[in-house]
Structure formats: structure tokens, C-alpha cells
Amino acid sequence: MDQYTAVGVMSGSSLDGLDVCLVKFNKSDHWEYEIEAAETLNIPKHIEGQLRNAPALSTLDLLQLDVTYGAWIAQALGSWLSGRSDIDVIGIHGHTVFHEPDHKISLQIGNGNLVCQQLGLPVVDNFRATDCYHGGQGAPLVPVGEALLLPGYVAYLNLGGIANISIHHNGITAWDVAPCNQVLNHFAHALGKPYDAGGELARTGKIAHAWKSQIEALAYFQQAPPKSLANQWTANILELDAPQAEDALRTYVDFLAQEIAKTVSGHTGKLLVTGGGALNSFLVSEIQKACADSIIVETPEQELVEYKEALVFALLGTLKKIGLPNVYASVTGAKKDTVSGTLHLPG
């Protein structure tokens, strides 16, 4: 049995913190894992603001932000790890600035090489580009980890800044369904809340059918998978003439539930729901209602709900370091499975 100790680092598109997860992996004929520690580290406000504005920065300012964010990740991780030297690899997703897979472009910042040199530990970053070079969408990346670490479900739904789904039936297919917490948090902010805790604000609203129809008519929701979302699609939704915030929240929950139900239509079994949106009990109940009886919606223990993606990036970094495929062509639409990511070693 092979054993690896790895760290996964993930900051989602919602920028609500940097998720870090310290994991022990055991590999025999299958993979097993044990989460030793996991935490969400607060990103400094001045860096968060720059990250939100990153696509509009000049080339020089973007390069500087890559270094600034990487230096902060190194400092924050170093403090969190308290000098541990038994780490085999750190897998860092980074913050996505541009994702244009049709042009073979996917840029994440958070300078993994700088993190590597400052901590003296191997780091893998830049997980998406290689898949894009082979004709793939460079996304979603999480289904590989789901298949290896969390078997037994017909589908896996992550309700993060973006909602993405992977269907595990006759292989794996996966894609981004729709913006999720990016939109919900926007309307919660309008009501003075950082997010809609438990969906309580949405419960008080009414469905605005005209606005919902406008969202459904957007081009992305007419495309067949595999497909992946750039943050611009969130802007496209928010540019529409929305109703008052409570009604917008209720309407968008209804839209999400219906879109998610479409993805599992025709399947029977269990759907595992993770990501911050899994803590929105109203949203989860609406998804179950939309899926009817053929799908059983499950949310796991809170640690896995909150840190599944960080856990998976610890695994993807480990797979890269030992030379095993970590992005599957069946998921992304690429011409081949790839051992993706850039491995940085201490100099």
C-alpha cells in the first residue's frame, strides 16, 4: 500500500475564503483518504478586491497580483501547517481570471512556484491548461476525485460559486450547470446579508416567471454538454432586469432546481450534494422536489460538504506527482486523458 500526505488549496469563484485541506491518502487497488485538518482562511480584503477586478487589470498589474496572492498563500499555508515537513505535495487551484477553452486559454493565478520556493515543498498548479491543449474544456476537474474517493452515487453535484454536476453512468460525463452562489450571494448582499443562510430569504419571495424565462433563454442553457462556464455568464444574468431581491432569490432557486433536475433526468439512484450551497436547506429541498422520487438527494457530513473540492485538489496534485492521469477525456471532451498540472520543485 502506497501512502501520501497532501494538501489541497481551493478558492472558488465566490471568493468567500481559501479552503485548505490536509489529507492522508492510501492507495492499494483503490484509494482511501483521511482528512487530518481542514479550514477556510480569510483572504485579505485588499487582495480579494483585486482578485474580483483581475480580468480588467493591465498585464503588469495582473503579474504583480499573481505574485502578491501567491506570497499570501505561502504565508497563510506556512502558518496553518506549522512547519510540517512531511507533505508530499500541495495541489493549488488558484483564482481563475480567464477561462476560454475554445481558445485554449485557462488562467489561474496564485503563483504556485512562489509558494513552492517559500515553503520548500512540491506544489502542483495550472491544472486546466493541458486538457485545453488537447481539445478539452479544462473543466470540470472534480469528477476524477469523486470517482476515486467517493464511489456509490449516480451523480455528484457541487453547489459552489458555480453549480457543476458529474454523472457516473457508463463512464463519467460532467459539466457546469449554472452560476449558483455567485448569483444567490449577489441578491443576499442587496438585503444586507453575506449569503442567504438556509435559504430563509428565498422562502419569503415569489417566483418571477418573466425573469426566469429570460435566464432560461440565455445561450449557455441551450448548449449541450460538455460545456463550462466563465464568470461572464454570471454578469449576463445580473444584467437582466431582476425583480426585488427576495423574489430574485426565490426565482433563482427554482431555476437552479429545474436545471439540476434536467441533468439527472432518466437516471435512478443517489445524488451527493456538496459545496457551500449544500448548507442552503431550502435550495436542497427544492432540488429534491424537482428530481421527484427517482433520485435520492444526500448531503454528507459538513466537513465533506465544505471541503470536498480542496480534498480533490490534494488528490489531483498527488496524481500529477506520481504520474497518473488526473483529468479524464470523457469528462472534459478532450482527445485523451491527461496528467495535468505544472509540478514545481524547491530549487
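Structure notes:
- Checked against (1) small (Gly, Ala, Ser); (2) out of contact with any Lys or Arg (no Cβ under 8 Å at 6 or more places or on another chain); (3) over 20 Å from residue 311 (Cβ atoms), residue 106 passes all but a single condition, namely (2).
- Any hit, the stretch 276-283, residues being more than 16 Å from residue 164 (Cα to Cα) and either among the small types (Gly, Ala, Ser) or not assigned by TED's automatic domain parsing to the domain that holds residue 175 (or both): yes
- Top-ranked residue in the stretch 98-150 [being free of Cβ contacts under 8 Å to residues at least 60 places away in the same chain and not in a helix (DSSP H, G or I); ranked as nearest to residue 76 (Cα to Cα)]: 111
- Matching residues in the stretch 259-276 - criterion: being assigned to a helix (DSSP H, G or I) and surrounded by 15 or more Cβ atoms within 10 Å (Cβ to Cβ): 259, 260, 261, 263, 276
- For the stretch 277-296, the tally of residues that are touching a residue at least 60 places away in the same chain (Cβ under 8 Å), among the aliphatic types (A, V, I, L, M) and surrounded by fewer than 21 Cβ atoms within 10 Å (Cβ to Cβ) stands at 1.
- Taken together, the criteria place residue 252 among residues that are within 24 Å of residue 207 (Cβ to Cβ) and part of a helix (DSSP H, G or I).
- Residue in the stretch 58-76 that is of a type in the set (Ser, Thr, Tyr) and either outside any helix (DSSP H, G or I) or farther than 19 Å from residue 18 by Cα (or both) present: yes
- Of all the criteria given as (1) under 26 Å from residue 256 (Cβ atoms); (2) at pLDDT 95 or above; (3) touching a helix residue (DSSP H, G or I) at 6+ places or on another chain (Cβ under 8 Å), the one not satisfied by residue 308 is (2).
- Considering the conditions (1) among the small types (Gly, Ala, Ser); (2) in a loop (DSSP other than H, G, I, E, B); (3) in contact (Cβ under 8 Å) with a residue 40 or more places away in the chain; (4) not assigned by TED's automatic domain parsing to the domain that holds residue 105, residue 340 is excluded by exactly one of them, (4).
The values are calculated or read from the model by the stated rules, or taken from the named source; none is laboratory data. What you see is a predicted model; the values in this text were computed from it and never measured. Don't worry about glycine lacking a Cβ; one is built from the backbone with ideal geometry, like all the others, and counts go over all protein chains shown.
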